[in-house]
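The values are calculated or read from the model by the stated rules, or taken from the named source; none is laboratory data. The structure presented is a predicted model; accordingly, all values stated were derived computationally and were not measured. Here the Cβ positions follow ideal geometry from the backbone for every residue, glycine too, while neighbour counts run over all protein chains shown.
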Amino acid sequence: MEQTTNTQGKIDLEKLKKTGAVVLPSIFTIANMAFGFFSIIAASERNYVLAAWFIIMSYLMDMLDGRIARLVHGESSFGVEIDSLSDWMSFGIAPAYLMYNFVLKDYGFWGYPVAFLYVLCGALRLARFNVKSHFGGGSKLYFQGLPIPGAAGILAAFVLAYSMLESEGNVRSIKVVMDQLPFIYGITPFIMIALALLMISSVPYPAFKQGSFIKPTSIKGMLLILSVLFLIVFSPQDALFFFFSLYALSGLLAGVIKAIYSIIKTPEPPAHN
């Protein structure tokens, strides 16, 4: 009888641990969704800077929930689904609504399809990711297509950086980035279309899940991390826009280089006499 009780106690403890492992990352996932919802409310009240910061907070919550899930071995089908719903809210609907109010509404009717295309491609991107996750087809090293948090990060950081142009007083900024913002503002619809297409593309993007890309123990890794931290502290708005944009361009650049390399390495057919 005592042995049965001990066995039952161990089973209950295992169930409790398993439940906790699933619930803990879900708390951050729900926080991700909450910040996305708050962003929509802030954008509707024309508080675009706050709306953009809410999206950045959603990005941080999304980073944490994935890492915590892997740390406590709390990955589950439920976690994948709720995470995708949260991502669609925070990185699909919220940034599209923010950009429509911030820029696209000035284009009249054409602002509607541009904003919707971004939301639609974000949903397709997440659906494809879920299918691969359920059937074990995903890679731990690379994402297929631009991740939706990366696309949203560019848009949110752009709003933050552009708001500095209209601010009064001495504002710390990265001049190279600030000089390009008026031009970027003018081509915002095309940027959103490009981001939408990149999300559903097959362009590979580093996943950074294994921590093999940057090694803090090396001198180069330490210098890179310190440089990134310095730029973020010096001018967080510009730095975030620069790094998110660099990530989006990195996939395209790698794809072009890979295509050129494959063309160079393709053997020429033998000449016929």
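Check the range 32-51 and report whether any residue there is under 29 Å from Leu120 (Cβ atoms), polar (S, T, N, Q) and modelled with pLDDT under 75. Checked the range 32-51: no residue is under 29 Å from Leu120 (Cβ atoms), polar (S, T, N, Q) and modelled with pLDDT under 75.
Being crowded, with 17+ Cβ neighbours inside 10 Å, at pLDDT below 85 and of a type in the set (Val, Ile, Thr), is that true of even one residue in the range 246-263? I'd like the intermediate steps shown before the answer.
First, pick out the residues of the range 246-263 that are crowded, with 17+ Cβ neighbours inside 10 Å: 247-248, 251.
If we keep only those that are at pLDDT below 85 too, we end up with 251.
From the residues that got through so far, the ones that are of a type in the set (Val, Ile, Thr) too are none.
No, the range 246-263 contains no residue that is crowded, with 17+ Cβ neighbours inside 10 Å, at pLDDT below 85 and of a type in the set (Val, Ile, Thr).
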